Amino acid sequence: MGETNTAIDFTGFITALTSSITTAQVLTVLASVVVVGMGFFLMWLGVRKAVNAFTSAVASGRIRL
């Protein structure tokens, strides 16, 4: 019993994909991901600062920013 290795032809799929998606659309999606990621990162830093300010205010009795 001989096993044969068959390759799958993706040329039709790649042609359809490249004809329907433009470079501008890919760049728009990448820019959106970067902007959303930056927003989450800055929000994370702000939450950390707020939590640290709250815990130090509770511990010391003074509010510092």
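Some notes on this structure:
- The set of residues in segment 6-65 that are open to solvent by less than 80 Å² (accessible area, probe 1.4 Å) and touching a residue at least 12 places away in the same chain (Cβ under 8 Å) contains only ALA53.
- Being at pLDDT below 95 and either not in a helix (DSSP H, G or I) or not β-branched (Val, Ile, Thr) (or both) is not true of ALA31.
- Residue in segment 41-53 that is assigned to a helix (DSSP H, G or I), polar (S, T, N, Q) and either on the phi > 0 side of the Ramachandran plot or at pLDDT below 95 (or both) present: yes
The values are calculated or read from the model by the stated rules, or taken from the named source; none is laboratory data. The model shown is predicted, which means the values in this text are computed figures rather than measured ones. Ideal geometry is used to build each Cβ from the backbone, glycine not excepted, and the neighbour counts take in all protein chains shown. Protein only, heavy atoms only, side chains kept; ligands, DNA and RNA dropped before computing areas. Shrake-Rupley method; radii C 1.70, N 1.55, O 1.52, S 1.80 Å.
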